[in-house]
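Visitor: For reference, the structure I am asking about is given below.
The values are calculated or read from the model by the stated rules, or taken from the named source; none is laboratory data. Keep in mind that what you see is a predicted model, and the values were worked out from it rather than measured. Counting neighbours? That spans all protein chains shown, and the Cβs are built from the backbone with ideal geometry, glycine included. Side chains are part of the model used for accessible areas, which takes the heavy atoms of the whole protein and leaves out ligands, DNA and RNA. Shrake-Rupley method; radii C 1.70, N 1.55, O 1.52, S 1.80 Å.
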Amino acid sequence: MQAVLMPRSISSPETLLARHAPDAANCSHRCTPQGHADHQFVAMLNAYRASGGLGRTGEVLKMLKYHDESPVTKLANWILKRKVICFEWRSQTWLPWFQFHHADMRPQPELAPVFAELTPVFDPWELANWFAQPNPWLGNCTPADTLHVNPPGVLHAARADRFVAAG
């Protein structure tokens, strides 16, 4: 990854594909890792649309600079400590907007216990997908859409899915 803000451990959809479908590269049609990554990204872009969409690092920094004297340091700290959801696609870092307070761009405090449950078992791309996908523990609503109305429910879903992922 090329971005200064991002640690090398941030995964990509290619990493996810290689881990969960190692023989996908042997597909005889357009089932390439990059094609799959593009498809996954578009699906995630669409899934996050209802909760505010996705922003590139530069866009998030632009908003953050109105509230902090050192936005690069602040965002880099959040990313390194996994206090925000972010993932890389095509050498750019993307962050879902739902996770920030609109008034001051702080991460939503309800995310901290959810991250504590999921970051040990999910890489950044998987975490971003988890928040964007309908979840049966939440009545098939997405965690991103549910966090503001039912934080305890999202935490319960995270705990349940952590045990499924770790098992």
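Visitor: Go through Val42, Val154 and list them by solvent-accessible area, largest first, probe radius 1.4 Å. Intermediate results must be reported in sequence, preceding the final value.
Guide: Numbers: Val42 75, Val154 0 Å².
Highest to lowest solvent-accessible surface, that is Val42, Val154.
Visitor: Would you grab the residues whose amide H sits under 5 Å from the one on Phe100? Only those 5+ places off in sequence or on another chain, please, with H modelled 1.01 Å from N.
Guide: For Phe100, the qualifying residues are Gln108.
Visitor: Now, a different point. Assuming R0 = 25 Å, what is the FRET efficiency of His67 and Gln133, from their Cβ-Cβ distance, to the nearest 0.05? Provide the component values of the computation, followed by the final result.
Guide: On the way: r = 30 Å, r/R0 = 1.21.
After rounding to 0.05, the efficiency reads 0.25.
Visitor: Could I ask something else about it? So if each residue of separation counts as 0.36 nm, and I subtract the Cα-Cα distance between Ser91 and Thr119, what length gain in nm does that give? Intermediate values should be presented prior to the final figure.
Guide: On the way: separation 28, 0.36 × 28 = 10.08 nm, distance 2.20 nm.
Stretched out fully, the Ser91 to Thr119 stretch lengthens by 7.9 nm.
Visitor: Let me ask something else. Hey, can you grab everything whose amide H is under 5 Å from the amide H of Thr93? Only 5+ residues off in sequence or another chain; H modelled, so Pro and N-termini drop out.
Guide: Counting only residues 5 or more places away or on other chains, the set is Thr57.
Visitor: Provide the packing ranking of 72-81, 48-57, 120-129, 102-111, i.e. peptides ordered by the mean count of other C-beta atoms within 10 Å per residue, highest first. Intermediate values should be presented prior to the final figure.
Guide: Details: 72-81: 16.0, 48-57: 17.5, 120-129: 19.9, 102-111: 13.8.
Per-residue Cβ counts within 10 Å, averaged per peptide and sorted highest first, yield 120-129, 48-57, 72-81, 102-111.
Visitor: Near the amide H of Asn135, under 5 Å away, which other amide H atoms are found, from residues 5 or more places off or on another chain, if H is placed in the peptide plane?
Guide: Those qualifying (amide H under 5 Å, at least 5 residues apart or on another chain) are Asn140, Cys141, Thr142.
Visitor: Let me ask another. Got a number for carbon plus sulfur as a percent of segment 46-167's accessible area, 1.4 Å probe? Write down the numbers at each step before the final one.
Guide: Numbers: 3340 of 6040 Å².
The value for segment 46-167 is 55 percent carbon and sulfur by accessible area.
Visitor: I would also like to ask the following. Tabulate in residue order the Karplus-calculated ³J(HN,Hα) for segment 157-166, using 6.51 cos²θ - 1.76 cosθ + 1.60 with θ = phi - 60°, rounded to whole Hz; enter x for Gly and Pro.
Guide: Listing the rounded values in order: 4, 4, 4, 5, 6, 4, 5, 5, 5, 6 Hz.
Visitor: I'd like the Karplus ³J(HN,Hα) series for segment 85-96: coefficients 6.51, -1.76, 1.60, θ = phi - 60°, whole numbers in Hz, and an x wherever there's a Gly or Pro.
Guide: These are the phi-based 3J(HN,Hα) values: 7, 8, 8, 9, 8, 6, 6, 10, 9, 10, 9, x Hz.
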